[in-house]
Amino acid sequence: MNKESFLAELRSGLSGLPQADVEERLSFYGEMIDDRVEEGMTEEEAVAGIGPVDEVVKQTVADVPLTKIVKEKVSSGRKLRGWEIALLILGFPLWFPLLIAAAAVALSLYVVLWSLIVTLWAVEISLWAGALAGIVSAVVHFVRGNTVPGIAMLGIAAFCAGASVFMFYGCVAATKGLVRLTKKMALGLKSLIIGKERSK
């Protein structure tokens with residue numbers, strides 16, 4: 001693929017984004033290809049080194065803030081026709097509560113997921129606190145001459161410390177997974193908005 005076809009495909013893929021961002025990316029990748037050609041690469045090699053257009057589009061969409069995409073879409077929206085306005089007004093008692101309900105369900109599911117992550121970390125901290133309290137309690141029992149309770153407290157402290165180590169890795173994995181899910185959800189929402197923009 002040569003520079004011209006790469007940039008044409010890129011422009012098409014980014015068509016739902018704000019025009020300033022599209023032009024900035026086209027200029028950036030155009031200059032990148034030109035620099036590589038000046039270094040001795042062929043145009044096709046320079047384009048191949050950048051990667052597939054779909055990946056470039058995906059990365060660009062991920063980089064542009066959602067608020068900027070929505071603002072651009074709202075400010076450059078087309079005029080509604082009379083029948084569309086009538087449908088919006090007449091259907092308002094139906095579509096508005098459904099929209100609010102869908103948004104509330106999505107938000108509550110997201111909050112529940114983050115609540116689970118916070119709970120996991122709270123359990124992790126509790127296990128560490130239990131291990132520390134068990135060690136302190138064991139020392140107190142040994143100082144007072146209570147050997148059996150001291151050994152029991154050491155056992156509890158060892159169990160809490162061991163469980164907290166395993167729990168830590170689970171908490172980290174769950175947190176990273178939810179962060180990745182959040183990014184995918186944001187990217188999906190951006191793609192949905194851009195997709196609607198392209199279909200006009």
Go through (1) more than 17 Å from LEU192 (Cβ to Cβ); (2) surrounded by 11 or more Cβ atoms within 10 Å (Cβ to Cβ); (3) not assigned by TED's automatic domain parsing to the domain that holds LEU181 for TRP114 and report which single condition fails. (3)
Here are the criteria: (1) farther than 17 Å from LYS190 by Cβ; (2) outside any helix (DSSP H, G or I); (3) touching a Ser or Thr at 6+ places or on another chain (Cβ under 9 Å). Tell me which single one MET1 does not satisfy. (3)
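Inspect the range 130-145 for any residue being touching a residue at least 40 places away in the same chain (Cβ under 8 Å), within 30 Å of THR175 (Cα to Cα) and under 35 Å from the mean Cα position of the chain (by Cα) and give the result as yes or no.
No, the conditions are met nowhere in the range 130-145.
Considering each of LEU107, LEU116, LEU192 in turn, give the residue that is in contact with a helix residue (DSSP H, G or I) (Cβ under 8 Å, 6 or more places away or on another chain) and not β-branched (Val, Ile, Thr). Before you say what the answer is, go through the steps one by one.
On the way: LEU107 fails: in contact with a helix residue (DSSP H, G or I) (Cβ under 8 Å, 6 or more places away or on another chain); LEU192 fails: in contact with a helix residue (DSSP H, G or I) (Cβ under 8 Å, 6 or more places away or on another chain).
Exactly one residue qualifies, and that residue is LEU116.
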Residue under question is SER12, and the condition is that it be over 19 Å from SER191 (Cα atoms), among the polar types (S, T, N, Q) and in a helix (DSSP H, G or I); does it hold? no
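The values are calculated or read from the model by the stated rules, or taken from the named source; none is laboratory data. Only a predicted model underlies this, so the values are computations on that prediction, with no experimental measurement involved. Neighbour counts run over all protein chains shown; Cβ positions are idealised from the backbone, glycine included.
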